[in-house]
1. State which residue pairs qualify: first residue β-branched (Val, Ile, Thr) and inside the range 306-318, second residue in a helix (DSSP H, G or I) and crowded, with 18+ Cβ neighbours inside 10 Å in any location, beta carbons under 6 Å apart, and separation of 6 or more residues or different chains.
2. Restricting attention to the range 86-100, which residues are closer than 25 Å to GLY348 by Cβ, outside any strand (DSSP E or B) and over 20 Å from the mean Cα position of the chain (by Cα)?
3. Please determine, by comparing only the residues of the range 41-64 that are in a strand (DSSP E or B) and not aliphatic (A, V, I, L, M), which one is farthest from PHE124 (Cα to Cα).
4. Just one of the numbered conditions (1) more than 26 Å from LEU410 (Cα to Cα); (2) in a helix (DSSP H, G or I) is not true of ARG313; which one?
5. Please tell me if GLU386 is of a type in the set (D, E, K, R), crowded, with 22+ Cβ neighbours inside 10 Å and either touching a helix residue (DSSP H, G or I) at 6+ places or on another chain (Cβ under 7 Å) or closer than 19 Å to GLY45 by Cβ (or both).
6. Conditions: (1) closer than 30 Å to LEU81 by Cβ; (2) of a type outside the set (Phe, Trp, Tyr); (3) loosely packed, with under 15 Cβ neighbours inside 10 Å. ILE130 meets all but one. Number of the miss?
7. Name, by its number, the condition in (1) touching a Gly at 6+ places or on another chain (Cβ under 7 Å); (2) surrounded by 22 or more Cβ atoms within 10 Å (Cβ to Cβ) that does not hold for GLY354.
8. Over 29 Å from GLY349 (Cβ atoms), surrounded by fewer than 16 Cβ atoms within 10 Å (Cβ to Cβ), modelled with pLDDT under 95 and within 28 Å of the chain's Cα centre (by Cα): is that true of ALA15 in this structure?
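The values are calculated or read from the model by the stated rules, or taken from the named source; none is laboratory data. None of the values given here were measured: they were computed from a predicted structure. All Cβ positions, even for glycine, are placed from backbone atoms using ideal geometry, and neighbour counts span all protein chains on display.
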Amino acid sequence: MQRREFLVGCSAAIAAMAGSRITGFSFAPDRDAKEIFVFVFLRGGCDGLNLVGPVNDASYVAERPLELRIGESGDNAGLMLKNGLAGLDFRLHAKAPELKALYDAGNLAIIHGAGLVNGTRSHFDAQDYIERGSASDKNLSEGWFTRFLKSTTEPGSVSLLRSMAINAVLPASFLGSQQTVALTALTDYKLQGDARLFDLVKSFYQGDHLIDEVANNTLQSIQYLRRELSKSGGDGILDGASLKKAGYPENNPFGRSLATLAQLAKMDVGLQVATVDYGGWDTHERQTNIFSGLTEGLSKSLGAFYDDLGDRRSRVTVVVMSEFGRRLKANKSGGTDHGHGNMMMVLGGQVKGGKMYGKWPGLSNEQLDNNVDLAVTTDYRAVLSEVLVRRMQARKLGYIFPGLKAYTPLDLINGTDLPVDMTLK
């Protein structure tokens, strides 16, 4: 081995240890079948009224140009949804046929008028609040997924692969977590370079200090994933051909992330919670073409992911949301500006889908928030709480979501409502 190869390999090992955010716990793969909660964040402020809209609402028709709303007929005719809200004709964007199929099959539920109750129009503030599980406190030192993990962890039962961010960095929902792995692809989670590096690096960390524990946990997890990939008959590489065969859209990072997540779910490595980001929804200008492409990517990716899960669908629940919606009225640049209320989606084998949930606030001027935006009638935490309680057996909701006053399920998913604790403990 050349000196340069040795240094590069060691640098890769250090990067793996630092990047995986692993500190101070034992590696214990949990082979029991687990419920998996996937949180998909549409970053940028997805225009929920352009994704799911009431096509026969007089204010919707009057206030939005044809190219920025879903139509009843013609080129922009939407995909009709049964069981809508307030007796209105709600439809999906024409580029979302896979979502329509999931809805009709009873696997997808849509909530409208959901979001942050405090009404901020700042991307950074709204994302911070949501990922910290708050309505208005950005100073919380932990993310809501981190508090969930802490509140449901039994001593000695922690799995290294229990929580993951399919991302290069950990999102704020995992802020403060010491057990969450961040990766973009399974093939990235390894030591680069000469195969002899593995034993060589391992030999450096034979003590009883924290760095030794971190290093050995990391190396063991790398070895474990490589072994599991080998058992499944693959090397973890998701090439264009394999993604296309599985139905994922070509050259779409979001679809590739979901494909990676499906790999992990099918390996039964003890995964319970995961996050996936899909950015680019800040459509202040030329929204029409941008939004159509993003919607097509969202629909195809989620449809392929659900199919890819196979018999694991019954224990996977996906929540899709954005930090806020966008204004009812278009701006002068062919786009829409930051708004308030929005749609959320819940997908899974235990979802009571084929139905819209929530209370539709209306779009007439006096019904809008500040006379400009769709109002919020469902706190986003009500949706997250129901999934956590009914599918993930969470009880300490007051700790997971500080400031949440009560557990108010919409009854959109199967499961048991356990007694919940609304205190901050």
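1. VAL316/LEU309; THR317/VAL387; THR317/ARG391
2. Hits for the range 86-100 are HIS93, ALA94, LYS95, PRO97.
3. So, considering only residues that are in a strand (DSSP E or B) and not aliphatic (A, V, I, L, M), the one farthest from PHE124 (Cα to Cα) is PRO54.
4. Failing condition for ARG313: (1).
5. Details: of a type in the set (D, E, K, R): yes; crowded, with 22+ Cβ neighbours inside 10 Å: yes; either touching a helix residue (DSSP H, G or I) at 6+ places or on another chain (Cβ under 7 Å) or closer than 19 Å to GLY45 by Cβ (or both): no.
So GLU386 fails the test.
6. (3)
7. Failing condition for GLY354: (2).
8. Answer is yes for this residue.
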